[in-house]
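K.L.:
Pasting a structure here, questions to come.
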Amino acid sequence: MTEPTFATLVSRWYTHHARDLPWRHPGVGAWAILVSEVMLQQTPVARVIPAWTAWLSRWPTAADLAAEPPAEAIRMWGRLGYPRRAVRLRECAVAMVERHGGQVPDRLEQLLALPGVGTYTARAVAAFAYGQRHPVVDTNVRRVICRAVAGEPDAGPATRPADLAATEELLPTEPAAAALASAAFMELGAVVCTARSPRCGSCPVTSICAWRASGQPAPAGPTRRPQRYAGTDRQVRGLLLGVLREATAPVSRHRLDQVWTDNVQCVRALTGLVKDGLVEQVDETSFRLAGDGPPILVP
DNA sequence: TACTCGTGGTA
DNA sequence: TTACCAAGAGT
């Protein structure tokens, strides 16, 4: 009889302590899981839950969303942040209709080819929606593995191939068990093995944690420089989009100029929104959310 | 590789 | 109050 493995301990903990999140309920389909994964990219769980519920109520299938213009997706996105994700999610739905009959593909290669689906999201969908055995590495998993297995404080940027390989070695052989373990690793990092104040007293692997054994060393050297927001193009884009989201008719350039005093920056932000497919120019002087009305006549 | 891309809760 | 930052992706 061998000692329980790392994955076994964390999985056992997960089955008793996992949060009751709606996308984890039995019978939730691949489309709903994909939507949750995209919304959860850099957005806290608490804010995603109501948005996810409303989104799927309006668009129960990918085909439902694919039939709508980007403007509707942008409005439904609300204030989750990074609204390009809404545009990409719709593009993703369109691609699934065109390539996969409106279904979410179950092959990693096909998932990765979809707009807005990267290394993490593709593996998360393959594992959580289809029960496949893939290492699913997000920032939480990287931190958990880094600490508990390597004994390191999780400093420095992610090295995807190495993180994937290190996590893969910990996964059970059985696909269903591996998918459960992946969810468990993520949950542990989100709830217990947190970045700032880890709750080691509630951790199922505290007795075999290399990081704890070595005195929980803090990250050495300068971490990534703090992200600022005030005064950036991102803030201006947010202000511009806020106006366009509320508008029921095209908005004049003059009115958009008023959201920011620096006109150069304002124009740059607006140009960026157009380039990203969030906004379109209706005529010489007015703008609207992409597809927010009748098609624009081109002379 | 390093940088951009929103938003709002928390310490 | 200011600073940090939360299930990444794309370039």
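The values are calculated or read from the model by the stated rules, or taken from the named source; none is laboratory data. Everything quoted here is computed from the prediction, not taken from an experiment. Note that we place each Cβ from the backbone using ideal geometry, even for glycine, and neighbour counts take in every protein chain shown. The area values use the complete protein model at the heavy-atom level, side chains included, leaving out ligands, DNA and RNA. Shrake-Rupley method; radii C 1.70, N 1.55, O 1.52, S 1.80 Å.
K.L.:
Compute the whole-percent fraction of alpha carbon pairs in region A:1-44 spaced more than 12 Å apart.
P.N.:
In whole percent, the long-distance tail amounts to 70.
K.L.:
So, one more: Tell me whether region A:98-250 comes out rounded, prolate or oblate; compute the Cα gyration tensor, take square roots of the eigenvalues as a ≥ b ≥ c, and use a/c under 1.5 as the rounded threshold.
P.N.:
Judged from the Cα gyration tensor, region A:98-250 comes out oblate (a/c at least 1.5, b/c at or above a/b).
K.L.:
Read phi for every residue in region A:158-175 and hand back ³J(HN,Hα) as whole Hz from Karplus 6.51 cos²θ - 1.76 cosθ + 1.60, θ = phi - 60°, with x for Gly and Pro.
P.N.:
6, 10, 3, x, 5, 5, 5, 5, 5, 6, 4, 5, 8, 6, x, 5, 5, x
K.L.:
Right, next: With every protein chain present, what is the per residue accessible area of chain A (1.4 Å probe, Å²)?
P.N.:
53
K.L.:
Give me Rg/Rg_expected for chain A, where Rg uses Cα atoms only and Rg_expected = 2.2 N^0.38 Å with N residues.
P.N.:
Taking the Cα Rg and dividing by 2.2 N^0.38 Å, one obtains 1.14.
K.L.:
A further question follows. Return the carbon/sulfur percentage of the accessible area of chain A, one whole number, probe 1.4 Å, all protein chains in place.
P.N.:
Accessible surface attributable to carbon and sulfur in chain A totals 55 percent.
K.L.:
Is the shape of region A:233-289 rounded, prolate or oblate, going by the alpha carbon gyration tensor and its root eigenvalues a ≥ b ≥ c, with a/c under 1.5 for rounded and a/b larger than b/c for prolate?
P.N.:
Here region A:233-289 falls in the rounded category.
K.L.:
Here's another thing I want to ask about it. For chain A, which span is the longest to avoid every loop-located (per DSSP) member of trypsin sites (Lys or Arg not before Pro) having at most 11 other Cβ atoms inside 10 Å?
P.N.:
Result, exposed sites excluded: A:20-195.
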